[in-house]
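Worksheet: the structure to be examined is printed underneath.
The values are calculated or read from the model by the stated rules, or taken from the named source; none is laboratory data. What you see is a predicted model; the values in this text were computed from it and never measured. In this analysis, Cβ positions are derived from the backbone assuming ideal geometry, glycine residues included, and neighbour counts consider all displayed protein chains.
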């Protein structure tokens, strides 16, 4: 198993040196995707580019969204021959101390999506928590299961062979709709989901990239699209995975 980390970065850069240092002992490479940052973030992120030390910075401009940044990272990771990719946020929300648990879970189930299940403290905004619960409900409808406990947590470990198949199957949400949509589409393809509880915080003074109106509209449109496709996708899944005589 050859694991890389992919960090989509937009307006968050102060935690990146600490985050990269924490990831390097566990990952064969770290890919930071600069999603159209302006200075000082652009220069600070570019300064981390050190291929000889296993750290690469990819830049896309203008800003295209978290999903687009992740897809760029996936494409690069697949081309580099990685088998798995860890997704982690650039702002320090996620507990890097849990990384060995993610890797151990992937070693036990190499074809599975190891999906972080967020455990929040009192720092989580109430509106965000309510919105997440609504999305959880629709994901259960779209998959006809409770297999995906938290489709919005951006801390997860992907099997890249399955991701490559999903990317070939059509466009994925390019912004904050990405995390949920790719999890559902992987599930439709028969990818097992392993839910891993992990502490998530909202750091004091953190700048959120979630656009309350625009991203909620995108997420609503995504759920409409997925719900309409679900009967056909789930029917195909039942046929594809039925027991053979």
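Quick notes
- Single residue of 157, 167 found to be in contact with a strand residue (DSSP E or B) (Cβ under 8 Å, 6 or more places away or on another chain), at pLDDT 90 or above and closer than 25 Å to residue 2 by Cα: 157
- For segment 102-133, the set of residues classified as in contact with a strand residue (DSSP E or B) (Cβ under 7 Å, 6 or more places away or on another chain), exposed (fewer than 15 other Cβ atoms within 10 Å of the Cβ), outside any loop (DSSP other than H, G, I, E, B) and modelled with pLDDT of 95 or more is empty.
For (1) assigned to a loop (DSSP other than H, G, I, E, B); (2) surrounded by 15 or more Cβ atoms within 10 Å (Cβ to Cβ); (3) on the phi > 0 side of the Ramachandran plot; (4) at pLDDT 95 or above, each residue gets a yes or a no:
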| residue | (1), (2), (3), (4) |
| --- | --- |
| 163 | no, yes, no, yes |
| 172 | yes, yes, no, no |
| 175 | yes, yes, no, no |
| 186 | no, yes, no, yes |
| 205 | yes, no, yes, no |
| 216 | no, yes, no, no |
| 219 | no, yes, no, no |
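- Within segment 149-161, considering residues that are touching a residue at least 60 places away in the same chain (Cβ under 8 Å) and part of a loop (DSSP other than H, G, I, E, B), the one nearest to residue 132 (Cα to Cα): 154
- Scope segment 43-98; condition within 16 Å of the chain's Cα centre (by Cα) and free of Cβ contacts under 8 Å to residues at least 60 places away in the same chain; matching residues: 72, 76
- Residues of segment 27-80 that are under 23 Å from residue 159 (Cα atoms) and part of a loop (DSSP other than H, G, I, E, B): 27, 28, 54, 65, 80.
- Test: residue in segment 3-16 that is part of a helix (DSSP H, G or I) and surrounded by fewer than 23 Cβ atoms within 10 Å (Cβ to Cβ): no
- Residue check for residue 142: under 22 Å from residue 221 (Cβ atoms), part of a helix (DSSP H, G or I), over 15 Å from the mean Cα position of the chain (by Cα) and in contact (Cβ under 8 Å) with a residue 24 or more places away in the chain: yes
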